[in-house]
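This report refers to the structure that appears directly beneath it.
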């Protein structure tokens, strides 16, 4: 929880700095096409996830000129399917993206994405808590800015596995890797 509070204060400070430099801040929302890792029994892959659509909503700040830093605070729901069993994970993401604008309309970016897992749920199966509520991922992407409206496409991957035990199974050691891999399409509005 301390890490989440620190991340929130960092984002507020960066947004305040962005406003003073004239760069801006705004809202973003969109769809993500994602899946999570395998279900493993004794560290042997048993069931792989199929991708499903989820969503995200959040705020962002941006400061700099052609080269910029863009921190965001985003609520994300990731969905996956394990042979008919739906998995949902809700998390707060704090990507800190380093980007560059070119031709006044386009931009590309890359950076870490700090993640705080709020809730995990696998349909009809009891899950224990994830090993690490706080983890780190990686994002890379690009986009187009049309005045106050922006659209971007990015790819995200968790950097390390983050397992949740399946509780009540007949075989001990069955775990689900909650690390997301997602393709994220976002629409943003600048104030």
Problem set entry | Linear extension gain, residue 31 paired with residue 52, 0.36 nm per residue minus alpha-carbon span | 6.5 nm
Exercise. In angstroms, what radius of gyration and Dmax does region 2-190 have, counting Cα atoms only?
Worked result: 17.7, 59
Exercise. For region 19-171, what relative contact order do you get, as a whole percent, if you take Cα pairs closer than 8 Å and at least 6 residues apart?
Worked result: 16
Exercise. Between residue 104 and residue 132, what length in nm is gained on full extension when 0.36 nm per residue of separation is reduced by their alpha carbon distance?
Worked result: 6.0 nm
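The numbers here are math on the coordinates, done by the rules we state, and not lab data. Just so it is clear, the structure is predicted and the values come from calculations on it, not from any experiment.
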